[in-house]
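The values are calculated or read from the model by the stated rules, or taken from the named source; none is laboratory data. All figures in this text were calculated on a predicted structure; none of them were measured in a lab. With ideal geometry, Cβ positions are generated from the backbone for all residues, glycine too; neighbour counts draw on all protein chains shown. Side chains are part of the model used for accessible areas, which takes the heavy atoms of the whole protein and leaves out ligands, DNA and RNA. Shrake-Rupley method; radii C 1.70, N 1.55, O 1.52, S 1.80 Å.
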Amino acid sequence: MHSLLNDTDWRIEESGFDISTANVLETLLTVGNGYLGTRGTLEEGFKGERSGTYLNGVFDGHDSPVIDQVNAPDWLSVVVHANGVRLDVQTCQILSHRRALDMRQGVLWRETLFADAQGRQTRIETLRFASYAEQRLCVLRVSVTALNYAGDITVESAIDGRRFNLDRFPVYLDPPQFAPEVKWEKWAKSLHLRQVAATTAPESLYLEMQTIGTGIRLGYAATTLPSVEPLRNIDLRSHERVAERMEFALAQGASVVADKFVAICTSRDMPAEEVEDQCHTILARHTAMGFEAALAANREVWLEKWADCDVVVSGDAAATQAARFSIYHLLIAANGNDPKANIGAKSLSGEGYRGHVFWDTEIFMLPFYIYTQPDVAKALLLYRYNTLPGARRNASANGFRGAQYAWESADTGLETTPKWTPDGKHRIWTGEEEIHVSADVAYGVLTYVAATADIEFMDDFGAEILFETSRFWVSRLKHDPARNCFVLTQVIGPDEFHEHVDNNAFTNRMAQWHLVQAARIYDEMAAHNPAALARITARIGLDATEPRHWASVANEIFIPFDADRGLVEQFENYFTLTDVPVTEWDANDMPCYPPGYDHFNLNGTQLLKQPDVIMLTYILPDEFSKAAKRANYTYYEPRTLHKSSLSPAIHSIMGIEVGDTTRALQYFRRSALADLSNNQGNTQDGMHIASAAGTWQALVFGFGGFRLKHGQMSFNPWLPPDWSELRFGLRWRGNRLSVRISHAEMSFVLSGPSGTQETVRVGERTVVLNAGRPSSAALRMES
């Protein structure tokens with residue numbers, strides 16, 4: 001099986017088993033396809049594992065304070081016994097252990113050599129994948145070899161529905177360090193599944209579970225096909241678990257190979273009464289085709305995706321690996337075939353943040369999909385349209401008009417932010433006060449339409465989002481008669497160290513931008529597509545005077561600004577707070593909290609979790625001069641602690657733009673290694689998927705210098721001296737653009753219908769691109 005893998009520059013590898021880092025590796029080695037993700041646990045399990053399979057869009061709120069992305073039944077389970085001894089990392093001696101995630105084809109390979117107390121050596125080799133050709137199919141090949149003995153081998157393959165989600169964690173005045181084997185046992189658990197059906201038959205196993213609160217049926221059909229006829233085959237059925245046990249007698253040096261196929265369907269996709277039949281139909285089709293055909297079909301889809309997405313840094317193999325790792329996880333996080341699902345903050349690789357959707361999608365992840373996978377980007381935005389009724393209910397519940405998108409969203413769009421931290425010690429206010437997400441969603445809509453020219457999406461879906469959220473803003477804004485302006489009080493910006501603040505610059509400026517853009521879209525539709533506008537206005541009862549009011553209010557929104565220093569103020573009165581210096585950095589070059597401070601007592605200081613103002617200068621590049629960007633970067637950069645994984649990538653991009661290239665490269669590496677080096681300390685809970693997207697942005701928008709300015713593609717690249725070349729691809733208005741950057745030259749190849757032409761800016765020059773004809777521009781980079 002190892003021979004099926006691509007070269008090492010496409011792989012993430014593990015050598016040796018270390019229980020202290022095993023849960024981190026489970027996250028890193030997740031396999032998935034957007035429909036589902038399965039953590040990289042060992043097939044047989046071990047004490048201290050955190051196994052999980054997550055089906056996109058499957059949520060349940062039974063037995064938990066807020067709704068969870070459900071830890072679904074385990075399809076992976078295969079346990080091998082050799083002469084009665086269970087082969088696992090805690091029962092046996094491990095003579096060698098290797099795993100490799102092949103990112104180019106989305107497969108995880110494993111080889112472990114076990115020795116029991118009598119010195120009998122058994123090799124287990126596996127290969128698993130969640131098929132991208134058939135998203136409801138998972139496949140596992142297991143090879144067992146009796147190396148230095150002849151004996152009895154038992155292979156037990158199961159579907160296990162006995163799952164739970166982590167819920168609450170005890171309060172400890174002085175939190176201890178728990179042994180890896182028991183740390184998850186300290187948590188209270190939530191139950192979300194009950195058994196509906198369990199059957200065993202000669203041709204397959206079937207288990208069907210149902211989410212208790214939301215009523216979603218989850219069907220799993222499985223069969224395991226051995227390479228040799230077993231001596232005995234025993235079906236096993238217990239509560240919430242079905243299995244088949246196959247017994248073999250192996251000669252010394254002989255092997256048995258078993259191929260496990262699992263079909264997974266849910267009633268989110270079909271009527272509940274069809275789930276079982278569909279599972280069996282999919283299973284029968286793919287078992288008839290066989291393992292090699294399923295693997296080849298999966299590989300073909302992956303190669304198509306990489307043709308659009310790959311990023312290569314010549315001269316820095318580690319940067320290329322980190323880029324591909326980030327892209328791989330982005331590709332398995334989103335389902336372009338499901339407009340009612342989105343991406344949780346930990347993707348489908350873990351339970352962190354309960355699988356909830358944040359602003360991370362529109363600001364960090366959506367650009368990757370817009371410019372490489374536009375169909376996926378559209379599906380992610382359709383999730384926001386389909387949860388618009390929930391956003392309307394949020395606004396109404398809070399006493400406002402229109403639609404207020406939830407800070408944390410799940411299946412319905414209703415606000416799902418917990419009120420307390422998992423240990424119950426600290427109150428969480430973001431669900432009430434972090435309201436900028438509604439403007440972030442609007443930003444995502446407008447960025448998608450600008451890059452794709454998908455006017456039909458705007459007419460059918462986007463404009464309604466923009467108009468309803470604009471109604472929210474004008475009802476949430478308050479008029480301050482003393483200053484004759486509109487203000488936003490009691491808010492939290494992206495920097496969550498500071499709660500209950502007034503006039504957060506990011507929130508106010510994004511609300512202002514949102515209202516101006518919504519009024520513009522209304523005018524454009526009135527001029528060019530009045531029929532579509534009439535349908536929307538009738539559907540939501542929009543009065544023709546409202547857009548003019550939006551524009552009028554936008555002009556009077558207060559933006560805190562220090563004119564003498566040219567600084568946008570983080571929020572009103574921020575500059576009066578205590579200026580506490582950062583003096584220590586940890587082993588990962590991440591800033592440490594100053595002595596006596598932590599996340600929950602920084603409200604009176606100027607220290608920031610992440611860069612609100614620097615972020616603002618990044619996502620609205622047309623709105624700030626280079627001098628303004630430099631002044632704000634210089635002030636806020638040393639005051640940012642980067643306690644959000646979202647922070648370093650933005651500092652990298654803006655560091656390049658303002659000329660702080662040394663720090664830009666440092667920040668890029670922090671972002672790129674957020675999970676590969678676990679520099680936030682919580683990768684075990686799932687991927688920092690927005691940081692992965694930020695890493696892509698740092699490469700393409702930072703070092704590649706790509707921006708959308710005044711509706712046109714613009715490039716102003718910079719490469720570190722030891723990077724000889726940077727290559728990436730973009731999708732632009734239905735066509736593909738290949739980009740190659742060296743220190744001396746930037747070259748383009750536009751792919752599209754004959755006669756297609758685009759104009760781009762490279763620095764201060766205009767370059768005309770013609771489909772099928774390479775174009776280039778000379779560069780002069782400062783080292």
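Only one entry in Arg110, Arg163, Arg123 is open to solvent by 20 Å² or more (accessible area, probe 1.4 Å), modelled with pLDDT of 95 or more, assigned to a strand (DSSP E or B) and of a type outside the set (Phe, Trp, Tyr), namely Arg123.
Output yes when any residue across the range 9-18 is part of a helix (DSSP H, G or I), over 16 Å from Arg98 (Cβ atoms), open to solvent by 30 Å² or more (accessible area, probe 1.4 Å) and of a type outside the set (Gly, Ala, Ser), and no when none is. Yes; the residues of the range 9-18 include at least one that is part of a helix (DSSP H, G or I), over 16 Å from Arg98 (Cβ atoms), open to solvent by 30 Å² or more (accessible area, probe 1.4 Å) and of a type outside the set (Gly, Ala, Ser). Pairing each residue of the range 760-781 that is within 15 Å of Val749 (Cα to Cα) and open to solvent by 20 Å² or more (accessible area, probe 1.4 Å) with any residue that is part of a loop (DSSP other than H, G, I, E, B) and of a type in the set (Gly, Ala, Ser), provided the two are 6+ apart or on different chains, yields C-beta distances under 6 Å for Ala771/Gly752. Within the range 270-280, the set of residues being among the acidic types (Asp, Glu) and without any contact (Cβ under 8 Å) to a residue 12 or more places away in the chain comprises Glu273, Glu274, Asp277. Only strands (runs of 3 or more DSSP E) whose full extent lies in the range 178-259 are considered here, and the ones with at least 3 residues that are open to solvent by less than 50 Å² (accessible area, probe 1.4 Å) are 193-200, 205-211, 217-226, 241-250.
Could you please give the count of residues in the range 72-107 that are within 30 Å of the chain's Cα centre (by Cα) and assigned to a loop (DSSP other than H, G, I, E, B)?
Initially, the range 72-107 is screened for residues within 30 Å of the chain's Cα centre (by Cα), giving 72-78, 97-107.
Narrowing further to those that are assigned to a loop (DSSP other than H, G, I, E, B): 72-73, 75-77, 103-106.
Number of matching residues: 9.
Regarding the range 312-332, can at least one residue be identified that is of a type outside the set (Lys, Arg), open to solvent by 20 Å² or more (accessible area, probe 1.4 Å), within 17 Å of the chain's Cα centre (by Cα) and more than 14 Å from Thr695 (Cβ to Cβ)? Checking the range 312-332: not a single residue is of a type outside the set (Lys, Arg), open to solvent by 20 Å² or more (accessible area, probe 1.4 Å), within 17 Å of the chain's Cα centre (by Cα) and more than 14 Å from Thr695 (Cβ to Cβ).
Can you pull out every residue in the range 390-405 that is surrounded by 24 or more Cβ atoms within 10 Å (Cβ to Cβ) and among the hydrophobic types (A, V, I, L, M, F, W, C)? Those that are surrounded by 24 or more Cβ atoms within 10 Å (Cβ to Cβ) and among the hydrophobic types (A, V, I, L, M, F, W, C): Ala391, Ala403. If you filter the range 427-445 down to residues that are in contact with a His (Cβ under 8 Å, 6 or more places away or on another chain) and open to solvent by 20 Å² or more (accessible area, probe 1.4 Å), you find that the one that is farthest from Gly752 (Cα to Cα) is Trp429. For Tyr448, the conditions (1) within 21 Å of Ile559 (Cβ to Cβ); (2) surrounded by 22 or more Cβ atoms within 10 Å (Cβ to Cβ); (3) hydroxyl-bearing (Ser, Thr, Tyr) are fulfilled apart from (1). Looking across the range 367-407, the residues that are among the hydrophobic types (A, V, I, L, M, F, W, C) and over 30 Å from Ser51 (Cβ atoms) come down to Ile370, Ala377, Leu381, Leu382, Leu388, Ala391, Ala395, Ala397, Phe400, Ala403. Of all residues in the range 166-175, none satisfies being open to solvent by 20 Å² or more (accessible area, probe 1.4 Å) and under 11 Å from Pro73 (Cβ atoms). Residues in the range 350-361 that are open to solvent by less than 10 Å² (accessible area, probe 1.4 Å) and more than 9 Å from the chain's Cα centre (by Cα): Gly350, Gly355, His356, Val357, Trp359.
Restricting attention to the range 628-644, does a residue exist that is of a type in the set (Asp, Glu), within 26 Å of Gly763 (Cα to Cα) and outside any helix (DSSP H, G or I)? Quick ask: steps written out before the conclusion?
Residues of the range 628-644 that are of a type in the set (Asp, Glu), as a first pass: 637.
Restricting the remaining residues to those that are within 26 Å of Gly763 (Cα to Cα) gives 637.
Pick out the ones that are also outside any helix (DSSP H, G or I) and you get none.
No - not one qualifying residue is present in the range 628-644.
For Asp63, the conditions (1) assigned to a strand (DSSP E or B); (2) open to solvent by 20 Å² or more (accessible area, probe 1.4 Å) are fulfilled apart from (1).
Restricting attention to the range 693-707 and to residues that are of a type in the set (Gly, Ala, Ser) and under 17 Å from the mean Cα position of the chain (by Cα), the residue that is surrounded by the fewest Cβ atoms within 10 Å (Cβ to Cβ) turns out to be Ala693. Would it be correct to say that Arg740 is within 31 Å of the chain's Cα centre (by Cα) and on the phi > 0 side of the Ramachandran plot? Judged against the criteria, Arg740 is not a match. Determine whether the range 409-417 contains at least one residue that is among the small types (Gly, Ala, Ser), out of contact with any Leu (no Cβ under 9 Å at 6 or more places or on another chain) and at pLDDT 95 or above. Yes, there is a match, as at least one residue in the range 409-417 is among the small types (Gly, Ala, Ser), out of contact with any Leu (no Cβ under 9 Å at 6 or more places or on another chain) and at pLDDT 95 or above. The residues of the range 468-521 that are surrounded by fewer than 23 Cβ atoms within 10 Å (Cβ to Cβ) and acidic (Asp, Glu), listed by number, are Asp480, Glu496, Glu499, Asp502.
Ala117 meets the conditions (1) in contact with a His (Cβ under 8 Å, 6 or more places away or on another chain); (2) open to solvent by 20 Å² or more (accessible area, probe 1.4 Å); (3) assigned to a loop (DSSP other than H, G, I, E, B); (4) within 30 Å of Ala249 (Cβ to Cβ) in every case but one. The failed one is (1). Screening the range 507-626 for helices (runs of 4 or more DSSP H) wholly inside it with 1 or more residues that are farther than 24 Å from Arg639 by Cβ and touching a residue at least 12 places away in the same chain (Cβ under 8 Å) returns the ranges 530-540, 546-554.
Helices (runs of 4 or more DSSP H) fully within the range 272-354 that include at least 1 residues being within 17 Å of Thr683 (Cβ to Cβ): 317-331.
Within the range 570-592, how many residues turn out to be open to solvent by 70 Å² or more (accessible area, probe 1.4 Å) and aromatic (Phe, Trp, Tyr)?
Qualifying residue count, the range 570-592: 1.
Checked against (1) over 24 Å from Arg245 (Cβ atoms); (2) free of Cβ contacts under 8 Å to residues at least 24 places away in the same chain, His192 meets all criteria but (2). The residue that is surrounded by the most Cβ atoms within 10 Å (Cβ to Cβ), counting only those in the range 726-743 that are under 23 Å from Leu676 (Cα atoms) and not aromatic (Phe, Trp, Tyr), is Leu726. Restricting attention to the range 59-110 and to residues that are of a type in the set (A, V, I, L, M) and free of Cβ contacts under 8 Å to residues at least 40 places away in the same chain, the residue that is farthest from Ile12 (Cα to Cα) turns out to be Val85. Mind checking whether some residue in the range 657-667 is of a type in the set (Lys, Arg), out of contact with any Cys (no Cβ under 7 Å at 6 or more places or on another chain), open to solvent by 10 Å² or more (accessible area, probe 1.4 Å) and within 24 Å of Pro581 (Cβ to Cβ)? So far as the range 657-667 goes, yes, one or more of its residues are of a type in the set (Lys, Arg), out of contact with any Cys (no Cβ under 7 Å at 6 or more places or on another chain), open to solvent by 10 Å² or more (accessible area, probe 1.4 Å) and within 24 Å of Pro581 (Cβ to Cβ). When Thr372, Thr387 are checked against the criterion of being at pLDDT 95 or above, buried (at least 24 other Cβ atoms within 10 Å of the Cβ) and farther than 16 Å from Val445 by Cβ, a single residue qualifies: Thr372.
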